[in-house]
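Here the structure is laid out as structure tokens; the discussion comes afterwards.
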Amino acid sequence: MTSATRENDSPLLTVEQLSVEFMTPLGTVAAVNDFGLSIGRGESVAIVGESGSGKSAAMRAVLRLYPENRRTRIRGAVAFDGVQLATLSNRRMREIRGDRMALIAQDALSSLNPSLTVGYQLTEALRIRKGWSAGRCRKRAVELLDLVGIPSAAERLKDYPHQFSGGMRQRVLIATGLALDPDLLIADEPTTALDVTIQAQILQLLRDLRQETGMALVIITHDMGVVAEIAERVTVMYAGAVVESGGMRDIFTSPRHPYTEGLLNAVPRSDRRAERLASIPGSPPSPTTRPSGCRFHTRCAYARADCASVPAGLEIVAPGHASACRYWKENFHGAD
Amino acid sequence: MRKLLVKHIAIGLLVVFGALTLTFVLVRMSGDPTGLILPQDASAAQRAQLRAQLGIDKPLLSQYFSYLGGAARGDLGKSYFDSSSVSAVVLRYLPNTAILAAASFALTVLVAVPLGTLAAMRRGGVLDRVVQAVAVVGNSVPSFWSGLLLLQVFAVTLGWLPTFGTAGVASLVLPSVNLMLYLFPNMARLTRASVLNVLPMPYVDTARTKGASEGRVMTVHVLRNALLPVLALGGVQFGSLLGGAVLTETVFAWPGVGTLAVHSISRSDFPVVQGIVVYVAVIFAVVTVLTEVLARAANPRLRTAV
């Protein structure tokens, strides 16, 4: 709530040169490479990519959810509201996680504790962080369930997660994320497990919540349809790295990276009749053996000889729009 | 819930009935007890008289029904050697077994659950390897041997604790530790495996994203779920302890049900042996029902699944 009213131009969250590596017996897995992101207060940003592209790993690393051990190496700078998160003690980090940033994980059923009532889980953060009494928590839990549109909220507090339907569970999980009025809500594939009508309801809910609370929203998805529904800005990831980022409209109307173009062509559209949906040939590279040069060159229709050897970095193609394709000018010249 | 309880009690009664029948048949098959009770040179008339006295001269079926009828009233007959009833004999030894069972089970839970949990949290670490090694050793060492070893070291050489008897807490230490060594491997390993299953669950991370401390994450979120299978194992272990730990009780001369069983078998006191078997069956049935009730209380998914 506070963020919406605050007159402050500095971004809420900035991530620079974030990399996440896991040491496994099969070699080093580079889940995220040189990831960057900036989110303004109240803004909504989508991170798009295929499974394994590092979307979730990047966000988990931002929240410092990976255990600190020799098998995980995380580098980069993450600043939340001007504070470098890496410098915080575990205790201070827990405060940020509870109060300011919330993460809604992918699968609502396995993300809720099967042995605890929904009412308890909804307000656990309030008990821990604010030391609220049981009665006060109960009131807030009813409010939260009302907020996410669960009918007869008061009677459902004593129920357990398995007693809710898939869509309702997703709402409960969203409500747990909202308990402390976070400034930033990160939703990881919030609609993937749901059928289409429920998907639309959940997206509508997230939009409404953003309007009501003024929180910033990061939505992690592989679905360009979801992106179009909810995001103001889009970051496209491929094989652990950002390949394109820009405003939602720019990305949809004038993509400047062959991978983004491929993703867009794979979306069914009512204004285009096609026998088959286009798909991107091949499959994403394994994280243990990333291709040299531009990582997308193995699947790129426009690939040139030197794409396999020269690494591609993000270049500004227009104000607020960046692409990691070295030949964006040639490939997308006059494409609009 | 009530339906389930009724079902379990019915199953329990069936188990007890089965145990009664089986012991009856086995005892009758084991031959004529008069040969063991009377001296070798007893006359045929003396034997017949004893048979009539013990009631084993009647047809088998009528013996069976009067035995069942007696059991239903709590009367399991009289010991051959002691004029008191079987129930009285068993009840005399029962408190000792109950004390030892409670002490050793509490000790096992207090040692195995935290160690299993820590081993899982530091998987592959030093503690994990030590716990696993101790579990393997504990599983392979027979109780009578570990018991003798404990006696040798702590009672004989160091003289810290008494070698046998039931005098005070000190005499309870060695038998409890010995039983703990026997129960520890399964409980520690199950706890470890179960915690390892729960740790990667997304709801554990959900708790972390709420800002919960690691201690809270482990107790409220991980152990609450991870201990559900451990609870079931605990029920079985506690039930078997209440049935009398034959080897440990014998080694430490602990006057419990296990010692009574060994003693009664060696002198062919069939009614007492029968009584012990029935008692063990009843205990198991009761412990099973209680474990089921506890599991339901702890696991909400079981409650609505019926």
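If we scan region B:258-268, do we find a residue that is closer than 23 Å to B:VAL130 by Cα, surrounded by 19 or more Cβ atoms within 10 Å (Cβ to Cβ), touching a residue at least 60 places away in the same chain (Cβ under 8 Å) and of a type in the set (A, V, I, L, M)? No, region B:258-268 has no match at all. Consider region B:128-177 and keep the residues that are hydroxyl-bearing (Ser, Thr, Tyr) and open to solvent by less than 40 Å² (accessible area, probe 1.4 Å). The one that is farthest from B:ALA245 (Cα to Cα) is B:SER171. Listed by first and then second residue, the pairs with beta-carbon distance under 8 Å, at least 6 apart or on different chains, first residue in region A:85-98 and more than 10 Å from chain B (Cβ to nearest Cβ) and over 14 Å from B:GLU214 (Cβ atoms), second in a helix (DSSP H, G or I) and of a type outside the set (Ser, Thr, Tyr), are A:LEU85/A:VAL62; A:LEU85/A:MET93; A:LEU85/A:ILE96; A:LEU88/A:ILE96.
Scanning region B:185-211 for residues that are crowded, with 23+ Cβ neighbours inside 10 Å and more than 10 Å from every other protein chain (Cβ to nearest Cβ) gives B:MET187, B:ALA188, B:THR191, B:ARG192, B:VAL195. Under the condition of being open to solvent by 10 Å² or more (accessible area, probe 1.4 Å), aliphatic (A, V, I, L, M) and outside any strand (DSSP E or B), the residues counted in region A:7-33 number 1.
Taking the residues in region A:127-149 that are in a helix (DSSP H, G or I) and closer than 16 Å to A:THR213 by Cβ as candidates, determine which candidate is farthest from the other protein chains (Cβ to nearest Cβ). The residue in question is A:ASP146.
The rows are residues; the columns are (1) at positive phi; (2) of a type outside the set (A, V, I, L, M, F, W, C); (3) buried (at least 20 other Cβ atoms within 10 Å of the Cβ); (4) not in a helix (DSSP H, G or I).
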residue	(1), (2), (3), (4)
A:PHE35	no, no, yes, yes
A:VAL45	no, no, yes, yes
A:ALA61	no, no, yes, no
A:LEU65	no, no, no, yes
A:GLU68	no, yes, no, yes
A:ARG97	no, yes, yes, no
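Looking at B:LEU231, B:LEU181 in this structure, which one is touching a residue at least 24 places away in the same chain (Cβ under 8 Å), part of a helix (DSSP H, G or I) and within 14 Å of chain A (Cβ to nearest Cβ)? Answer to the check: B:LEU231. Taking the conditions (1) touching a residue at least 24 places away in the same chain (Cβ under 8 Å); (2) surrounded by fewer than 23 Cβ atoms within 10 Å (Cβ to Cβ); (3) of a type in the set (S, T, N, Q) in turn, B:THR248 satisfies each one other than (2).
So, B:LEU118, is that one open to solvent by 90 Å² or more (accessible area, probe 1.4 Å), closer than 30 Å to B:VAL195 by Cβ and part of a helix (DSSP H, G or I) or not? It is false that B:LEU118 is open to solvent by 90 Å² or more (accessible area, probe 1.4 Å), closer than 30 Å to B:VAL195 by Cβ and part of a helix (DSSP H, G or I). Would you be able to say whether some residue in region B:270-292 is in contact with an Asp or Glu (Cβ under 6 Å, 6 or more places away or on another chain) and more than 29 Å from A:VAL118 (Cβ to Cβ)? Within region B:270-292, none of the residues are in contact with an Asp or Glu (Cβ under 6 Å, 6 or more places away or on another chain) and more than 29 Å from A:VAL118 (Cβ to Cβ).
Selection over region A:285-300 of residues that are modelled with pLDDT of 85 or more and open to solvent by 80 Å² or more (accessible area, probe 1.4 Å) gives a count of 1. Beta carbons closer than 7 Å, at least 6 apart along the sequence or on distinct chains, pair a first residue in region A:133-156 that is without any contact (Cβ under 8 Å) to a residue 12 or more places away in the chain with a second that is of a type in the set (Gly, Ala, Ser) and outside any loop (DSSP other than H, G, I, E, B) for A:ASP146/A:ALA153. Just checking, how many residues over region A:234-249 are surrounded by fewer than 23 Cβ atoms within 10 Å (Cβ to Cβ) and part of a strand (DSSP E or B)? So the answer is 1.
Of all residues in region A:56-84, exactly one satisfies the criterion of being within 13 Å of chain B (Cβ to nearest Cβ) and aromatic (Phe, Trp, Tyr), namely A:TYR66.
Selection of region A:155-169 for residues being part of a helix (DSSP H, G or I), within 16 Å of A:VAL142 (Cα to Cα) and either within 12 Å of chain B (Cβ to nearest Cβ) or open to solvent by less than 10 Å² (accessible area, probe 1.4 Å) (or both) yields A:PRO161, A:ARG169. Going through region A:176-202 one residue at a time, which ones are open to solvent by less than 10 Å² (accessible area, probe 1.4 Å), assigned to a helix (DSSP H, G or I) and away from chain B (no Cβ under 12 Å)? Matches in region A:176-202: A:ILE202 only. Between A:ALA57, A:ALA86, the distinction of being over 25 Å from A:HIS321 (Cα atoms), touching a strand residue (DSSP E or B) at 6+ places or on another chain (Cβ under 9 Å) and in a helix (DSSP H, G or I) belongs to A:ALA86 only. Filter region B:212-225 for residues that are touching a Leu at 6+ places or on another chain (Cβ under 8 Å) and of a type in the set (A, V, I, L, M, F, W, C); which is farthest from the other protein chains (Cβ to nearest Cβ)? The residue in question is B:VAL222.
The values are calculated or read from the model by the stated rules, or taken from the named source; none is laboratory data. Since the model is a prediction, treat every value here as computed from it, not as a measurement. Virtual Cβ from ideal backbone geometry, glycine too; neighbours counted across all protein chains shown. Protein only, heavy atoms only, side chains kept; ligands, DNA and RNA dropped before computing areas. Shrake-Rupley method; radii C 1.70, N 1.55, O 1.52, S 1.80 Å.
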